[in-house]
1. How much of the pair distance distribution for the stretch 215-276 lies past 19 Å, counting alpha-carbon pairs only, in percent?
2. Of all accessible surface on the stretch 97-161 at a 1.4 Å probe, what whole percent is carbon and sulfur?
3. With each pseudo-label sitting 7 Å past Cα toward Cβ, what's the E111-K220 distance in nm, one decimal?
4. Under 8 Å for C-alpha pairs, at least 6 residues apart: give me the relative contact order for the chain, rounded to a whole percent.
5. Considering only protein heavy atoms and a 1.4 Å probe, what is the carbon-and-sulfur percentage of the accessible area of the stretch 30-80?
6. With N set to the number of residues, divide the alpha-carbon radius of gyration of the stretch 145-260 by 2.2 N^0.38 Å and report two decimals.
7. The chain: percent of C-alpha pairs farther apart than 38 Å?
8. Amide H neighbours of V8 under 5 Å, counting only residues 5+ apart in sequence or on other chains, H built in-plane at 1.01 Å?
Amino acid sequence: MTRVFSGVKPTGHLTLGNYLGAMRRWAAVDQHEAEALFCVVDLHALTVDHDPARVRRLSRQSATLLLAAGLDPELCTVFVQSHVDEHARLSYVLECVATDGEMRRMIQYKEKAARERQRGGSVRLSLLTYPVLMAADILAYGAGEVPVGDDQRQHVELARDLAVRFNQRYGHTFVVPRATRPGVAARVMNLQDPASKMGKSDDVGPGIVYLLDEPDVVRKKVMRAVTDSGREVVYDRETRPGLANLLEILAACTGGEPEALSGAYPSYGALKKDTAEAVVEVLRPLQERHKELCADPGHVEGVLRAGAERARGMARPTVDAAYRAIGLLPAAAEAETAGAGAVVTV
Ligand code: TRP
């Protein structure tokens, strides 16, 4: 069975874009068809200026929302990255395979570093090495498929390159992963700026619907979405991006086709109204489940503990194999269990 790995970075509240673009498919398809791991990648949240209490809070909230969205711990593994040491262990080894030039070429690094410097801030070294840690996340589990958005494809390519290079130099150790598209309706755009993605990193804004927004807040945001000049409701991403975004959100929520839906609306107002209600209805069960889970924090903790244990069990043999292959001396206990000959204990 294919192994699938994906991660959610706890740097902001999860949005409708995260849900329709990725999480929904993880729950509906991936967890059933693959051996899937979904990870709250908290170590990655430390690569930029951060508030410890907020990261902790968002990590718990992200994990709870993954479960509320339908990820079932009986079917897949949900866990927190920092609970499994193998990520950091493997990351260092992969730093010894990657080059600094490769890191500096990463588009996301260049953009984020430039922004940080412009603000007069300093750039954390971990922002540069972040893609190596991400490669470790993927390679530690032998994941063959990584469902990610376009902005993460370059990082998955790097993971691929590092796997191939390591295998060539030190012997076959890693599965070579590939990025897969998260599937339908993957691109939900910002309601106020349909040229940019509805990403959680934008942080605040009237154009972003958060998964935990109250129904009235959702309605307000959708009703105030920017639309294009003109009066007819037509589906055209190029010339009517605002309208197209609403039609795609409506289609994603109701299971229709944006093109076909466009013909059913006499006005922008009617389209917005139905889209708002459709989003409210999609979020309702998720929010209810979230509330139940919050009332039982012990349950979520238990799921994460068991998830980390399972993840550790999967990652450990691969990371140990990488340690041995690259030339690190096995610890005595490990040599013994690996059957590497008699171990003299004194
Ligand atoms: N870098 C990803 C993001 O910003 C999150 C991530 C970290 C990830 N490790 C991963 C995604 C491994 C897929 C696989 O969204």
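The values are calculated or read from the model by the stated rules, or taken from the named source; none is laboratory data. Since the model is a prediction, treat every value here as computed from it, not as a measurement. Quick reminder, even Gly has a Cβ in these numbers, built from the backbone with ideal geometry, and neighbours come from all protein chains shown. Surface accessibility is based on the protein's heavy atoms, side chains included, excluding ligands, DNA and RNA. Shrake-Rupley method; radii C 1.70, N 1.55, O 1.52, S 1.80 Å.
1. That tail contains 19 percent of the Cα-Cα pairs.
2. Result for the stretch 97-161: 47 percent of the exposed heavy-atom area is carbon or sulfur.
3. Spacing of the two 7 Å Cα→Cβ label points: 2.9 nm.
4. After rounding, I find 21 percent.
5. 47
6. 1.41
7. 22
8. C39, V40, V41
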